[in-house]
């Protein structure tokens with residue numbers, strides 16, 4: 001757990017700084033400067049680029065983590081692994097770009113005339129953004145295999161968001177128009193890509209010379225086969241993460257997609273603990289499978305689940321109890337119509353954290369093909385539920401569809417991991433964590449409104465934090481937290 005704690009701590013610090021910057025973007029900057037339909041446009045471009053890049057990658061981001069332990073040899077340039085990792089996806093990008101161009105009329109036809117007119121001039125910039133996203137994700141996967149996870153998170157969560165704030169102020173001051181803002185927004189992804197490449201060069205891991213050894217370390221057919229399964233699995237994950245934005249924009253409007261994007265961004269705070277740990281968990285689990293060390297895997301599974309549950313409950317309560325304050329910071333009241341959507345998304349993300357790293361265990365296991373079955377079925381169900389619920393319930397319907405999808409896939413994966421390997425994420429401390437969260441949340445919720453949203457938020461947050469921390473530490477519900485507290489006492493009081 002040493003490397004996990006070190007890397008996880010760095011990633012968590014970076015992620016929470018990024019969360020603060022993201023909240024500034026979400027609550028203070030972009031909603032003040034962009035109308036909902038223009039904010040919806042930028043959200044749509046990112047969604048298109050993400051799925052576009054995953055088609056082109058052919059699952060090689062997962063390949064980079066799954067198979068790197070077999071290539072690892074710094075003196076030999078890792079046997080040409082990086083050129084192998086980049087080669088097929090770049091060929092895939094050319095092919096996907098052809099289909100993207102041919103599909104332009106069909107995609108634009110899904111939107112209202114005014115929204116289609118807004119999207120049309122920037123359609124091909126979605127392709128450029130997809131290329132930047134593709135290359136960044138492949139290099140990020142390579143760095144995960146090297147156990148260098150903090151810098152890529154720093155670029156993505158902090159540097160990119162700082163640059164976006166600067167670009168937004170240029171737009172707000174009138175130095176650039178909206179087309180300039182969109183093109184600059186895309187260009188910033190290229191900037192962070194160049195910085196990540198420079199980091200690889202700096203640490204001496206930018207090995208771009210192809211070698212025949214890369215074709216001998218593992219059978220190419222095995223790598224490509226795994227990539228194909230990983231592609232379909234990752235696409236299913238992207239459908240869960242981005243189909244709601246697409247379908248809200250198509251069935252309602254780009255303005256509604258912008259409102260939903262704000263709700264979605266607020267709920268992403270719950271993903272930070274899991275995302276920080278998963279950056280190092282993926283390659284570590286791959287190593288456990290290579291070593292056939294299921295004992296360490298079981299310990300890792302339970303300890304990370306405790307951490308994700310404790311942090312997830314705290315964040316979910318902190319956000320849910322203070323939504324009035326959060327939306328009061330966004331001066332445009334139209335965005336507050338996404339309040340119910342936030343609560344539903346929080347519930348889904350909390351369930352995801354409570355069920356642990358089940359998905360990563362399946363993907364890195366010898367039975368990784370079964371993850372495809374779960375994801376393909378779930379992707380179809382998600383599209384169907386969005387199609388069914390959005391016309392009836394609007395934004396709330398899309399959030400409900402996403403929550404049901406997250407609960408379903410995590411239930412299925414958790415059962416599958418237990419059935420196949422007798423590994424499960426829960427121990428007797430999980431009920432203690434949930435009970436502590438319920439008690440602290442109820443105490444904070446019962447507090448009356450105090451003078452203003454700001455004062456009420458501060459009072460509720462203090463009550464929630466004090467009661468929750470006291471219960472968690474007093475019951476030893478998360479042993480890792482008690483160890484950190486003891487260590488801190490020793491340093492402060494030698």
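The values are calculated or read from the model by the stated rules, or taken from the named source; none is laboratory data. Predicted model, so just to flag it, every value in this text is computed and none were measured. Methodologically, a virtual Cβ is constructed for each residue, glycine included, from the backbone with ideal geometry; neighbour enumeration extends over all protein chains shown.
Would you mind stating whether residue 415 is over 23 Å from residue 339 (Cα atoms) and modelled with pLDDT of 90 or more?
Yes; evaluated as a whole, the condition is true for this residue.
Select from the stretch 83-94 the residues that are under 20 Å from residue 46 (Cα atoms) and either surrounded by 12 or more Cβ atoms within 10 Å (Cβ to Cβ) or touching a residue at least 60 places away in the same chain (Cβ under 8 Å) (or both) and list them in ascending order.
89, 90, 92, 93
Can you tell me how many residues in the stretch 48-69 are under 24 Å from residue 166 (Cβ atoms) and modelled with pLDDT under 80?
Within the stretch 48-69, residues that are under 24 Å from residue 166 (Cβ atoms) and modelled with pLDDT under 80 number 0.
Going by what's in this entry, would residue 404 be described as surrounded by 15 or more Cβ atoms within 10 Å (Cβ to Cβ) and not assigned by TED's automatic domain parsing to the domain that holds residue 262?
no
Only one of these is at pLDDT below 85, in a helix (DSSP H, G or I) and surrounded by 14 or more Cβ atoms within 10 Å (Cβ to Cβ): 481, 440. Name it.
Going through 481, 440 in turn, just one is at pLDDT below 85, in a helix (DSSP H, G or I) and surrounded by 14 or more Cβ atoms within 10 Å (Cβ to Cβ): 481.
Can you tell me which of 301, 370 is crowded, with 21+ Cβ neighbours inside 10 Å and closer than 30 Å to residue 427 by Cα?
301
Give me the residue from the stretch 364-376 that is farther than 14 Å from residue 297 by Cα and in a helix (DSSP H, G or I) and, out of that set, nearest to the chain's Cα centre (by Cα).
By that ranking, first place goes to 375.
Which one of 423, 464, 432, 400 is within 24 Å of residue 274 (Cβ to Cβ), in contact with a helix residue (DSSP H, G or I) (Cβ under 9 Å, 6 or more places away or on another chain), touching a residue at least 40 places away in the same chain (Cβ under 8 Å) and not in a helix (DSSP H, G or I)?
Residue meeting the stated conditions: 423.
For the stretch 98-115, indicate whether the set of residues that are surrounded by fewer than 15 Cβ atoms within 10 Å (Cβ to Cβ), touching a helix residue (DSSP H, G or I) at 6+ places or on another chain (Cβ under 7 Å) and part of a loop (DSSP other than H, G, I, E, B) is non-empty.
Yes, the stretch 98-115 contains a residue that is surrounded by fewer than 15 Cβ atoms within 10 Å (Cβ to Cβ), touching a helix residue (DSSP H, G or I) at 6+ places or on another chain (Cβ under 7 Å) and part of a loop (DSSP other than H, G, I, E, B).
If we scan the stretch 275-286, do we find a residue that is surrounded by 23 or more Cβ atoms within 10 Å (Cβ to Cβ), under 30 Å from residue 444 (Cβ atoms) and in contact with a helix residue (DSSP H, G or I) (Cβ under 8 Å, 6 or more places away or on another chain)?
Yes.
In the stretch 327-342, which residues are crowded, with 20+ Cβ neighbours inside 10 Å and closer than 25 Å to residue 463 by Cα?
Selection gives 327, 342.
List pairs: first in the stretch 266-293 and assigned by TED's automatic domain parsing to the domain that holds residue 365 and modelled with pLDDT under 80, second buried (at least 22 other Cβ atoms within 10 Å of the Cβ) and not in a helix (DSSP H, G or I), Cβ under 7 Å, 6+ apart or cross-chain?
278/357; 279/149; 280/149; 281/357
What are the residue pairs meeting all of these: first residue in the stretch 190-210, first residue at pLDDT 90 or above, second residue in a loop (DSSP other than H, G, I, E, B), Cβ atoms under 9 Å, and 6 or more apart or on different chains?
198/206
Over 24 Å from the mean Cα position of the chain (by Cα) and modelled with pLDDT under 90 - does that describe any residue in the stretch 396-410?
There is no residue in the stretch 396-410 that is over 24 Å from the mean Cα position of the chain (by Cα) and modelled with pLDDT under 90.
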